[in-house]
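Comments concern the structure below.
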Amino acid sequence: MKFGLGIASPPVESPSSSEKEVAFRIILQAKARKKTLFFRRVALPQAGETVNFDFQEVTFPAELKEVKLIFQTEGPEGTASFWINPIIIAPQKERPVPVILISIDTLRADHLHCYGYERSTSANIDSLARDGVLFERVYAPSSWTLPSHVSLLTSLYCFNHQVETGLDRLSPELTTLADIFRKKGYYCAAFTGGGFLSTVYGYSRGFDLYRDDLGGVFQQEGAAQVARATLDWLRQNKELPFFLFIHTYQPHSPYACPYPYKARFLPENPKWGHLDLIGYLGGKQGIFKPLPQEERENIIALYDGEILYTDEVLIGRLLAALKELGLYERSMIIVTSDHGEEFYEHQSWGHGQDLYEESLRVPLIIKFPDGSPSAKRIRQPVRLIDIFPTIVDFLKLKTSDFLASLDGETLWPLVQGKKQSGRESLAELAGNILNSHLPRRTALFSQGKKLIINEEFSPEALKFFSFPPPDLPRLELFNLNRDPQERENLATQEPEVVRQFLRRLEELYQAARRLEKKKARLTRRLKEELRALGYLK
């Protein structure tokens, strides 16, 4: 049996010198006999510490048919001590495929070397691509963290899962990827940077362990923190059937990773050796501020340094550890992102305000067990929401009826070389997310063309920004095959195509799921994190 234990906070009043520990005890009762399986004393956390936990393992005779396990704690009054999800592990005839899903926040596909980028930012991701399948055109369902990750873990468009603002929470009516794995006997663990991956939003459902306290946005070595916690867990649980979800904010602004990574792509005498971009712009109200080309290049060089750092300290160390533990060959490993990043290609910085290619195009690399197929590239456009059904289909975890209920479609037939009809892709941004003063945006991609619907800024919203936003038309239509930079708006030239897109959007929204919206209660820690991200004042 595996379990965790810990203490969330010390008591309000200082305990006496003899009461600075909590005793944890597990008693096995079989018929009239009792036996202590586990006993440990754990010191109270120091002032300011939020949690002090540890993972343990005990065994008991498999021949016992009926037993009772008693979990006891003794300590100072007012101490919040707890046990973490005890799991009884039975011997298995077959070893299920380990599954590792990695989300690198704010990672543009076109800034990875394996996607054609001129800089060598991603040697380890490139290596994984050589051992697996690289999807060249992958679309996220939104251009900011919360709704995009919920879509990743539910295979639903934003309008169907309805987690569209910073105050929405995942509905208990929905099935997550972790729910499925757990019901199939997998141990489910997550190591994340918190913020919009906080348990407040319901992400922890289905997970046996969910960490949201690792390497937040303002941590210079966030990816390394995630790597250390992940590798420690892997070494302790390598024999288990597991689903592992890993997330880091490392490439997200501010750009301040350790030397020499942050300096790798900088010119001589750069203006900035590190930078909080949103802070420099004066907060969210400055995202439309034009900057000189030299400063733009400096910013991009810093961003690329963050990718390089993430690739080496997280992806590189993870892949090396998997090989060392004998897990690499038989694992299914997926690397992707939730959205991209804008560097003023369309007159704005950051993400979460537009639905252009630089915001929505993300990487997707899947290494299948035993490395087959390998070094394969798929050009057909696919979506972030297709990852969930691909995993479920490949491992045969659910029926075709269940897969049909998802918005995403399995990629396994494409990987096998079977022809499929083109996939449409929908992306959305709700209006005024956490008082951002940004209007709603909707984009639909199909057959090489993309329609963007731009709601107007209200007069009050326009007053919020220190530099005016670009004056965008209500409708934008782009032929991405001929115009991948989205420079020529064809909406007035191709009105029938626009009407077809609008009719399709209406069909999608009419078929939307009807869920009771759940609101998230923002904790003090989460409010501080969102304030640091620039979403709260």
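I'd like the full set of residues that are part of a helix (DSSP H, G or I) and among the small types (Gly, Ala, Ser), limited to segment 299-332.
Those that are part of a helix (DSSP H, G or I) and among the small types (Gly, Ala, Ser): 301, 305, 316, 320, 321.
For segment 1-42: of the residues being over 13 Å from residue 67 (Cα atoms) and charged (D, E, K, R), which is modelled with the lowest pLDDT?
That would be 13.
Would it be correct to say that residue 160 is over 30 Å from residue 297 (Cβ atoms) and part of a helix (DSSP H, G or I)?
yes
Specify which of the listed residues (239, 164, 221) is within 29 Å of residue 508 (Cα to Cα) and of a type in the set (D, E, K, R). Step through it out loud before you land on a result.
On the way: 239 fails: within 29 Å of residue 508 (Cα to Cα); 221 fails: within 29 Å of residue 508 (Cα to Cα).
The unique qualifying residue is 164.
Residues that are closer than 26 Å to residue 174 by Cβ, in contact with a strand residue (DSSP E or B) (Cβ under 7 Å, 6 or more places away or on another chain) and not assigned by TED's automatic domain parsing to the domain that holds residue 406, at least 3 per element: which strands (runs of 3 or more DSSP E) completely within segment 437-537 meet that? First the steps, then the outcome.
Working: elements: 441-446, 449-454, 475-479.
The strands (runs of 3 or more DSSP E) meeting that bar are 441-446.
If you scan segment 460-500, which residues turn out to be in contact with a Lys or Arg (Cβ under 9 Å, 6 or more places away or on another chain) and over 25 Å from residue 380 (Cα atoms)?
Within segment 460-500, 464, 465, 466, 467 qualify.
Within segment 419-426, does at least one residue satisfy the condition of being crowded, with 20+ Cβ neighbours inside 10 Å and touching a helix residue (DSSP H, G or I) at 6+ places or on another chain (Cβ under 6 Å)?
No, the conditions are met nowhere in segment 419-426.
Determine if segment 171-181 includes at least one residue that is under 27 Å from residue 254 (Cβ atoms), hydrophobic (A, V, I, L, M, F, W, C) and crowded, with 21+ Cβ neighbours inside 10 Å.
no
For the condition more than 21 Å from residue 469 (Cα to Cα), out of contact with any helix residue (DSSP H, G or I) (no Cβ under 6 Å at 6 or more places or on another chain) and in contact (Cβ under 8 Å) with a residue 24 or more places away in the chain, what is the one hit in 359, 348, 337?
None of the others qualify; the one that does is 337.
Any residue in segment 393-416 that is assigned by TED's automatic domain parsing to the domain that holds residue 379 sitting within a Cβ distance under 8 Å of a residue that is among the aliphatic types (A, V, I, L, M) and modelled with pLDDT under 95? List the pairs, counting only those 6 or more apart or interchain.
393/403; 409/403; 410/403
If you take the residues in segment 107-122 that are part of a loop (DSSP other than H, G, I, E, B) and not hydrophobic (A, V, I, L, M, F, W, C), which one is surrounded by the fewest Cβ atoms within 10 Å (Cβ to Cβ)?
Only one residue tops the list, namely 118.
When the residues of segment 255-280 are narrowed to those that are within 17 Å of residue 307 (Cβ to Cβ) and charged (D, E, K, R), which ends up farthest from the chain's Cα centre (by Cα)?
Filtering first and then ranking leaves 264.
Just the residues that are among the aliphatic types (A, V, I, L, M), in contact with a Lys or Arg (Cβ under 9 Å, 6 or more places away or on another chain) and either closer than 16 Å to residue 139 by Cβ or part of a loop (DSSP other than H, G, I, E, B) (or both), please, taken from segment 384-420.
397
The values are calculated or read from the model by the stated rules, or taken from the named source; none is laboratory data. The structure presented is a predicted model; accordingly, all values stated were derived computationally and were not measured. Using ideal geometry, Cβ is built from the backbone for each residue, glycine included, and neighbour counts are taken over all protein chains shown.
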